[in-house]
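The values are calculated or read from the model by the stated rules, or taken from the named source; none is laboratory data. Keep in mind it's a predicted model, so treat the numbers as computed, not measured. Don't worry about glycine lacking a Cβ; one is built from the backbone with ideal geometry, like all the others, and counts go over all protein chains shown.
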Amino acid sequence: MISNDSIEQLKARLDILDVVGSYIELKKNGANFKAPCPFHDEKSPSFVVSPSKQIYHCFGCGAGGDSIRFVMEYEKLSYPEAIEKLAGQYNFSLRYTDNKNQQKRSPLLDRLNEYYQTLLTHNKEALSYLKDRGIFESSIEKFGIGYAPGSVQTISYIQKNMFTMNEAIEVGVAGHDNGKSFARFIERITFPIQATNGTIVGFGGRTISGHQAKYVNSPQTKLFNKSRLLYAYNFAKESIHKKQQIIITEGYLDVIMLHQTGFTNAVATLGTALTPEHLPLLRKGEPKVVMAYDGDSAGAAAALKAAKLLSTSGFSGGVVLFSGGMDPADMVKNGQIEELNNLFRRPKPFIDFVVDHIIESYDIRDPKAKHSALEEAVGYLKTLPALLQEEYRGKVAQKLGISSSVVNVNTHNLVYSNKKDVRTPQKDMWELSLIKTVLEYPELTDQILDAIDPSILQFHQREFRLAISGQTEAPELMAISVDESIISHKSYDELKAELINFLIKHYNQEYKKIQLKSDMAFEQKAFLIRSIRGKITKLQRGELVAYEG
C-alpha cells in the first residue's frame with residue numbers, strides 16, 4: 001500500500017489548475033475558473049475550479065473533489081491508480097508501507113513488449129496477416145502489437161537483458177518443465193494486455209504457424225487476472241464514459257477493428273466468459289452494456305450466461321449476435337458500419353434475450369416440455385427484482401400460449417421506489433453564509449455551537465451538520481465553498497452581530513408558538529415564556545446566550 005505520508009506529500013505538490021487544465025480548457029471567472037462540465041453534457045458552464053481551495057465542483061451534476069478525485073473520475077481509475085498516475089506526471093517517487101510493494105509495473109513485460117514490436121516490423125508473414133485482416137499501421141502502433149519468436153530467442157533475450165528466469169515465470173512469459181525453461185509465447189502475433197491505468201500486465205498471442213491453440217493468454221499471475229481484466233479498457237474508458245455504453249466482444253481483432261472505425265468504446269473478454277469479478281469494472285460510470293458475440297453455439301452460450309449475470313446484477317443493455325459466420329471485425333472490413341451502428345443502438349434487452357432463449361430451447365408443442373420451459377423461465381424471473389418479475393410474467397405467458405395467472409413468480413413482495421418528488425431546494429443566504437464561515441474559519445465553530453443547534457436552521461440543517469463534523473469533501477459543501485455569491489463572516493464581531501439578529505427572530509417565533517399551545521400545563525408554559533423573554537432581553541443588549549434545547 002502507498003504510505004499516507006507519501007500521499008500527503010504528493011498532494012502538497014499538486015495544483016488543481018494544472019491537473020484539471022491538462023484535461024479541459026478553463027476560463028477565468030472572478031476568483032475561480034469555469035468550464036463546461038466534463039462529466040455531463042451541458043451548454044452553459046457550471047463546472048467551477050477554485051485555486052484557493054484546491055477543489056472543483058459542478059453545480060449541474062454535483063461532481064466535486066480535489067485533484068486526485070478529478071483524475072479518478074475522468075480517467076476511471078481507482079484511488080491508488082490515480083495517485084500513481086499523478087506521481088508519474090509530477091516525477092514524484094511514492095513510498096509504500098511494505099518492501100514487497102505489490103509491484104504494479106513489470107520492467108520485464110515492458111522490455112519484452114518493445115522487443116516483440118521490433119520483431120514485428122521485420123516479419124513479413126505476421127505483417128501480411130494483420131494487413132489482410134484490415135489492421136492499420138496506426139492501430140499496430142496504438143495497441144502495441146508485436147511478434148514473439150521461437151522459445152530459444154525469447155529466453156536468450158530475457159537473460160541478456162539481466163532478467164532472471166524466476167522473474168519471467170513470475171510474470172507469466174516463461175515456464176519451467178523437466179529442468180528446462182521455455183517461453184509461453186512462440187511464433188505468435190502478440191497483443192499486450194494492459195490494466196486500467198495502461199501498465200502492461202500480460203500478453204495475448206495469435207498463432208500464424210499452425211500451433212494447436214489459435215489464441216493463448218498469459219497465465220494467472222500477481223499482475224494478471226483474466227477474470228478482472230478487459231482488453232483495451234484503458235483505451236476505451238473515456239469513450240465509455242462519454243457514450244454511456246460499453247461494447248464487449250470476444251476477440252482482440254474485433255476490438256481493434258471497431259476502434260479503427262469509431263467504436264472506441266469496445267473492449268473484449270480475455271478468452272473467458274464474463275464473470276462476477278468483471279462487474280465492478282463495468283459499473284464505472286454506469287454505462288449500458290452491449291454483449292457483441294458470434295452467433296455460433298459457443299457465442300450464444302456465452303451471451304446467455306452474460307445476459308443472466310448482467311440482468312440479475314441490475315445492468316442495462318442487451319445482446320447482439322452476429323449471424324452468417326460474421327464477427328465485428330469482418331463487418332468493419334466489409335464496410336458495414338451503418339449496420340453495426342444499428343445493431344449496437346438496438347441490442348436485444350438482456351431479459352428478453354434470456355426468456356426467448358429459454359423458451360425456444362424447448363419443443364413447447366409437447367406439454368411436458370412446455371411445463372419444463374415454464375419452470376426454467378419462472379426460475380430465471382425469480383432472480384430479478386419483483387417489479388421486473390411482474391412485468392415479464394405476461395411475456396412468458398404469451399410465448400408459451402398460456403394464461404399469465406399460471407406464471408407464479410411470488411410478486412407479493414413487489415417493491416416500488418419510495419423516492420419523494422424532487423423539488424428545487426429553497427436557499428437561505430444567511431444559513432449558507434454561516435456554513436461557509438464554519439468551512440473557512442473552523443476556529444469559530446465552538447462559539448457558533450454555543451449559541452445555536454443545527455435543528456433550529458430551517459433550510460440547510462444537513463449542510464450545517466456536515467460542516468461541523470468536518471466532512472468538507474461532501475458535494476453540498478464543495479458547492480457552498482466555490483459559490484462566490486455566498487459571503488462568509490470574516491470576524492467574530494461580525495459573526496456575533498449576525499447570530500444575535502438570527503436568534504432574536506428565532507426566539508420570538510418560539511415565544512409565539514408556546515403562547516398558542518393549549519395542551520401544555522400552565523406552570524410549564526409560564527416557565528418557558530420567562531426563559532425565552534430573558535434570552536431575548538440579553539440578545540437585545542448585545543449578549544450571546546447559550547442554546548438550550
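When LEU258, LEU281 are checked against the criterion of being in contact (Cβ under 8 Å) with a residue 12 or more places away in the chain, in contact with a strand residue (DSSP E or B) (Cβ under 6 Å, 6 or more places away or on another chain) and in a helix (DSSP H, G or I), LEU258 stands alone in meeting it.
Could you please let me know if GLU548 is at pLDDT below 85, loosely packed, with under 13 Cβ neighbours inside 10 Å and in a loop (DSSP other than H, G, I, E, B)? Yes. Taking region 222-254 as the range and being in contact with a strand residue (DSSP E or B) (Cβ under 7 Å, 6 or more places away or on another chain) and either without any contact (Cβ under 8 Å) to a residue 12 or more places away in the chain or not in a loop (DSSP other than H, G, I, E, B) (or both) as the test, the residues that pass are TYR231, TYR233, ASN234, ALA236, ILE240, GLN245, ILE246, ILE247, ILE248, THR249, TYR252, ASP254.
Taking the conditions exactly as written (farther than 13 Å from VAL173 by Cα and either more than 21 Å from the chain's Cα centre (by Cα) or not assigned by TED's automatic domain parsing to the domain that holds VAL319 (or both)), does ASN217 satisfy them or not? No, not satisfied. Pairs linking a residue in region 344-373 that is surrounded by fewer than 15 Cβ atoms within 10 Å (Cβ to Cβ) and at pLDDT below 95 to a residue that is outside any helix (DSSP H, G or I) and not aromatic (Phe, Trp, Tyr), with Cβ atoms under 6 Å and 6 or more positions apart or on different chains, are ALA369/ASP363.
Among the residues of region 458-496, those identified as within 18 Å of GLU440 (Cβ to Cβ), more than 32 Å from the chain's Cα centre (by Cα) and of a type outside the set (Val, Ile, Thr) are SER485, SER488, HIS489, LYS490, SER491, TYR492, ASP493, GLU494, LEU495, LYS496. Looking at region 4-14, which of its residues are touching a residue at least 12 places away in the same chain (Cβ under 8 Å) and over 24 Å from the mean Cα position of the chain (by Cα)? Result: ASP5, SER6, GLN9, ARG13. Of the residues VAL49, VAL71, only one is assigned by TED's automatic domain parsing to the domain that holds ARG13, under 17 Å from the mean Cα position of the chain (by Cα) and of a type in the set (Val, Ile, Thr); which? Testing whether each residue is assigned by TED's automatic domain parsing to the domain that holds ARG13, under 17 Å from the mean Cα position of the chain (by Cα) and of a type in the set (Val, Ile, Thr) leaves just VAL71.
Being of a type in the set (S, T, N, Q), touching a residue at least 12 places away in the same chain (Cβ under 8 Å) and surrounded by fewer than 17 Cβ atoms within 10 Å (Cβ to Cβ): is that true of THR121 here? So THR121 fails the test. Quick one: is GLY335 touching a residue at least 24 places away in the same chain (Cβ under 8 Å), assigned by TED's automatic domain parsing to the domain that holds SER297, surrounded by fewer than 13 Cβ atoms within 10 Å (Cβ to Cβ) and not polar (S, T, N, Q)? No: the conditions fail for GLY335.
Of the candidates GLY314, GLY325, GLY299, GLY271, the single residue that is closer than 19 Å to TYR380 by Cβ and not assigned by TED's automatic domain parsing to the domain that holds LEU388 is GLY314.
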